[in-house]
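A quick write-up on the structure given underneath.
Where a number appears in this text, it was derived from the coordinates with a stated rule and is not lab data. The shown structure was predicted, so the numbers you read here are calculated from the model rather than taken from an experiment. Cβ placement follows ideal geometry from the backbone for every residue including glycine, while neighbour counts extend to all protein chains displayed.
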Amino acid sequence: MAVSGLFFVFYVLAHMYGNLKILAGHQAFDTYAHHLRTLGEPMLPYSGFLWVFRLVLIVALLAHLYSAFNLWSRAGHARGHRYLVKDAMHTSISSRTMRWGGVALLLFIVFHLLQFTFRSFYVGTAPVSSPAAMVVAAFQTWWLTLIYVIAMIALGLHLHHGTWSAFQTLGFTNSAKSRAIAKGAGAVIAGLVVLGFLIPPLAIQFGIIK
């Protein structure tokens, strides 16, 4: 879970960077989207790199889900023992929301992929060929922007505790200083990701980007 989780931290930071390209205009965003599909040519076919990366993401997601359900099952079994009682008063909001927040994020990922990757449905205007135009048309719809805001808050909470937990699992929190650094890293990454992901849709929603 720790290794796959840190891989997803890398992925969301890279994805956030790509999303922010929309701030430079439609052409910049469309050029970036096209570059992702031609990356690795001619050794790889068109969109070859994307599909290889998607397969890696699927493997990482399956590993993360397997680990999560395994830990969930073990935690449920442990609650049956009197000597293993956890005081919820001493846990953070991010740690208490890890499980159901993770489920909510999984549902959002499916929704997000169906909309922007597989284009199974469209929100806003009629289907458009330009990636930038599709993104702008989608986030001009208030309820989609609201869903996105809620999902990003859930992602921030998940990253906040998940980053700290991953560092702890991998043995990087053996001192008070390293624990403080790990907690600080979790907070910084979570804040950066939430802010970076929310800037484009909110800018579109309020008419800054058209």
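Pairs of alpha-carbon atoms within less than 8 angstrom and 6+ residues apart define the contacts here; what relative contact order does the chain have, in percent?
Worked out over the chain, it gives 28 percent.
Per residue of the chain, what 222 nm ellipticity follows from adding -39500 (n - 2.57) for every DSSP H run with n ≥ 4, rounded to the nearest 500?
It comes out at -24000 deg cm²/dmol, rounded to the nearest 500.
Using 0.36 nm per residue of separation minus the Cα-Cα distance, give me the extension gain between Leu192 and Leu50 in nm, one decimal.
Computed gain between Leu192 and Leu50 is 48.7 nm.
Classify region 1-44 as rounded, prolate or oblate from the Cα gyration tensor: take a ≥ b ≥ c as the square roots of its eigenvalues, call it rounded if a/c is under 1.5, otherwise prolate when a/b beats b/c and oblate if not. Spell out each step's value before the answer.
Values: a/c = 5.75, a/b = 1.38, b/c = 4.17.
In terms of gyration-tensor shape, oblate.
Just check region 126-193 against the gyration tensor rule for me: Cα atoms, a ≥ b ≥ c as the square roots of the eigenvalues, rounded for a/c under 1.5, and otherwise prolate or oblate depending on whether a/b exceeds b/c.
Taking the square roots of the gyration eigenvalues as a ≥ b ≥ c, region 126-193 is prolate.
Say the dipole of the chain comes from +1 at the beta carbon of Lys and Arg and -1 at that of Asp and Glu; which of Gln115, Met152, Gln168 then lies farthest toward its positive end?
Of Gln115, Met152, Gln168, it is Gln168.
Using just the C-alpha positions of the chain as equal point scatterers, what log10 of I(q)/I(0) does the Debye formula give at each q in 0.10, 0.11, 0.13, 0.14 1/Å?
Taken in order of the listed q values, log10 I(q)/I(0) reads -0.52, -0.62, -0.84, -0.96.
Residues of region 119-149 with the amide nitrogen closer than 11 Å to a label point 7 Å from the Cα of Val103, along Cα-to-Cβ, please.
none
Cα centroid distance between region 13-29 and region 144-210, in Å?
After rounding, the separation between the Cα centres reads 18 Å.
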